[in-house]
Amino acid sequence: MNSKIFSMGINGLEAFVVTIESDISNGIPSCEIVGLPDASIKESKNRVRAAIKNSGFKFPVSRIIINLAPADIRKAGSLYDLPILLSILKSNGKITDIPEKSAFIGELSLSGDICPVNGVLPMTIHAKQNGFENIFVPEKNAVEAATISGINVYPVKNVREITDHLQKEKNISPQPQTNIQIKPSEFTLDFSQVKGQYNVKRALEIAAAGNHNVLLIGPPGSGKSMLAKRLPSILPEMTFDEIIETTKIHSIAGILQNNSPLVTQRPFRTPHHTTSTAGLSGGGSIPQPGEISLAHNGVLFLDELSEFSRATIETLRQPIEEGIITLSRAKIALSYPCSFMLIAATNPCPCGYFGHPNKQCTCSPAAVSRYLSKISGPLLDRMDIHVEVSPVNFENLSSTEMLETSETIRKRVNEARNIQKERLKLINVNSNSKIPAHMLQKTCPLTEKAKSILEKAFNKLGLSARGYDKILKISRTIADLDKKEKIDFDHICEAIQYRSLDRKYWQK
Ligand SMILES: Nc1ncnc2c1ncn2[C@@H]1O[C@H](COP(=O)(O)OP(=O)(O)OP(=O)(O)O)[C@@H](O)[C@H]1O
Ligand SMILES: [Mg+2]
């Protein structure tokens, strides 16, 4: 006897329909899974066998072949346990009726409980888009799946519950639609806690408004980490599309919080400098998104940038520009989006005091240059804004003056971001950092004075074409914060200043 059950698989960020068939025939008792399953699926037969027995059924003593179609896409993970079990019970005649247009996902425990799996959100979206009317998911994933309307989500606790439901003996009630509440986030780390450092706060405000990358360079204890960690408190609110995209990635990585099924706050990822290349970019035997993809639509903060292995940070070059990373494995190539804002912090040398206003650096020139050369020219070129974080002075540190809160800064950031969205909606980008080169002339009109200072700077600083584009984009953001349509002299001057630090540290 033969039976067909539908399930879902994940390839990169996209889901696909998997059809599971099982055939039970006479012969030497065996159970074989075909259709490009990986090792994790092959283990599934043992779980299915135990779950069937422990749920009060008999495992057929026959020759069983289970086929996962399409057979040309590699399938991984434990989510096929439940559909494989149902397919065997159907072939065996223990279940007679499976509603049409239904998909099933879930991992089994040996006792027959159904355990949560990763990637439920993209699978539910795909099921709905492909005309499925019902999706049966592990109970713990139901809130996540029910954020999608237009498909019935059935939360399943154990095998007995689903077999009773399918045999119409005891109904499972569909999960009510998850109420999506995008509450204003509350942050304990606030910019008002940082004394002085007005220039750095300003640079971070510009970065947040236009989604620009920032490199912070300065001596130990000057507040680089402190400032960067407060960046989430001034980032613009996420759009609904951004929320869904980011949640899909977090769902696949299995890092969604149980109490909040959607990622409504921009991610702020802080990988340690010992992180491997695969940890940062993604990969592994069961491919997983890396830190750069988990930071999608948010911030990737690389603290102590010079301590990262050079090979690891060099892999960032292409994803920074393209906002997507493609990983090629033996039989597959898959892509994850990774449009993030990169914030990096570093000391200027091994002792940390090179360029310090009143402390002596004890490093040799060769040691300084070796230290900084970990950050290659091309990577430096991709950092839009370079800021020197000087040690905070006593006057600022001991001042009791009330400082501007993150909420006030975020209001300005949101206003500037809305101006950008409106201007850029026709070219389908939502921040100045993403303006394509061919659109720069049209979107960044300059006053005569601005044009002439930009020309002088270009020749004097020996800017690269990328450097020129970056100055235009940063000055566009500065003008947006200033609510000016045309970029003026002051805007360009400020932008140029953020691109000139490399001369002090890297060109000696
Ligand atoms: N501007 C400031 N206002 C208030 N406190 C500050 C300021 N700068 C530094 N501090 C204090 O100094 C501590 C150290 O700062 P932080 O860790 O950010 O330095 P850092 O520049 O990252 O140093 P390192 O290069 O060693 O990583 C902070 O936790 C904070 O308590
Ligand atoms: Mg630090």
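The values are calculated or read from the model by the stated rules, or taken from the named source; none is laboratory data. In this text the structure is predicted, and so the values were computed from the model without any measurement. Cβ coordinates were reconstructed from backbone atoms using ideal geometry, including for glycine residues, and neighbour counts include every protein chain displayed.
Which of (1) at pLDDT below 95; (2) surrounded by fewer than 19 Cβ atoms within 10 Å (Cβ to Cβ); (3) under 14 Å from N158 (Cα atoms) does D97 not meet, given it meets every other one? Single failed check for D97: (3). Does P357 satisfy the condition of being of a type outside the set (F, W, Y), more than 24 Å from V299 (Cβ to Cβ), away from ligand 2 (no atom under 16 Å from the Cβ) and surrounded by fewer than 18 Cβ atoms within 10 Å (Cβ to Cβ)? For P357, the condition - of a type outside the set (F, W, Y), more than 24 Å from V299 (Cβ to Cβ), away from ligand 2 (no atom under 16 Å from the Cβ) and surrounded by fewer than 18 Cβ atoms within 10 Å (Cβ to Cβ) - is met. Restricting I343, I325 to residues that are within 16 Å of ligand 2 (Cβ to nearest atom), in the same structural domain as S222 (by TED's automatic domain parsing) and in contact with a strand residue (DSSP E or B) (Cβ under 6 Å, 6 or more places away or on another chain) narrows the list to I343. List the number of the failed condition for P122; all other conditions in (1) closer than 15 Å to K45 by Cβ; (2) assigned to a helix (DSSP H, G or I); (3) not basic (K, R) hold. Status for P122: all satisfied but (1). Note on the stretch 376-421: residues that are assigned to a loop (DSSP other than H, G, I, E, B), within 16 Å of ligand 2 (Cβ to nearest atom) and aliphatic (A, V, I, L, M) total 2. Against the conditions (1) farther than 27 Å from R230 by Cα; (2) without any contact (Cβ under 8 Å) to a residue 24 or more places away in the chain; (3) in a helix (DSSP H, G or I), D469 satisfies every one except (2). When L108, L166, L121 are checked against the criterion of being under 26 Å from G35 (Cα atoms) and over 26 Å from the mean Cα position of the chain (by Cα), L108 stands alone in meeting it.
Restricting attention to the stretch 372-391, the residues that are within 12 Å of ligand 1 (Cβ to nearest atom) and modelled with pLDDT under 85 add up to 0. When each of I332, I325 is tested for being closer than 20 Å to L13 by Cβ and more than 17 Å from the chain's Cα centre (by Cα), the lone residue that passes is I332. I84 meets each of the listed conditions (1) of a type outside the set (G, A, S); (2) crowded, with 24+ Cβ neighbours inside 10 Å; (3) over 37 Å from the mean Cα position of the chain (by Cα) apart from (3). Going by the structure shown, is E304 acidic (D, E), more than 16 Å from ligand 2 (Cβ to nearest atom) and assigned by TED's automatic domain parsing to the domain that holds P220? No; evaluated as a whole, the condition is false for this residue. Of the residues E321, E291, the single one that is under 30 Å from N432 (Cα atoms) and loosely packed, with under 15 Cβ neighbours inside 10 Å is E321.
Selection over the stretch 158-191 of residues that are among the small types (G, A, S) and over 25 Å from T247 (Cα atoms) gives a count of 1. Scanning the stretch 474-498 for residues that are basic (K, R) and surrounded by fewer than 22 Cβ atoms within 10 Å (Cβ to Cβ) turns up K483, K484, K486. Flag set for K201, criterion: within 16 Å of ligand 1 (Cβ to nearest atom) and either in contact (Cβ under 8 Å) with a residue 40 or more places away in the chain or not assigned by TED's automatic domain parsing to the domain that holds I243 (or both). Using the structure shown, decide if F16 is assigned by TED's automatic domain parsing to the domain that holds H126, among the aromatic types (F, W, Y), farther than 25 Å from E161 by Cβ and in contact with a strand residue (DSSP E or B) (Cβ under 9 Å, 6 or more places away or on another chain). Here the answer is yes, as F16 does meet what is asked. Looking at the stretch 209-233, which of the residues that are more than 13 Å from ligand 1 (Cβ to nearest atom) and more than 23 Å from I375 (Cα to Cα) is surrounded by the fewest Cβ atoms within 10 Å (Cβ to Cβ)? Ranking the qualifying residues of the stretch 209-233, first place goes to P232.
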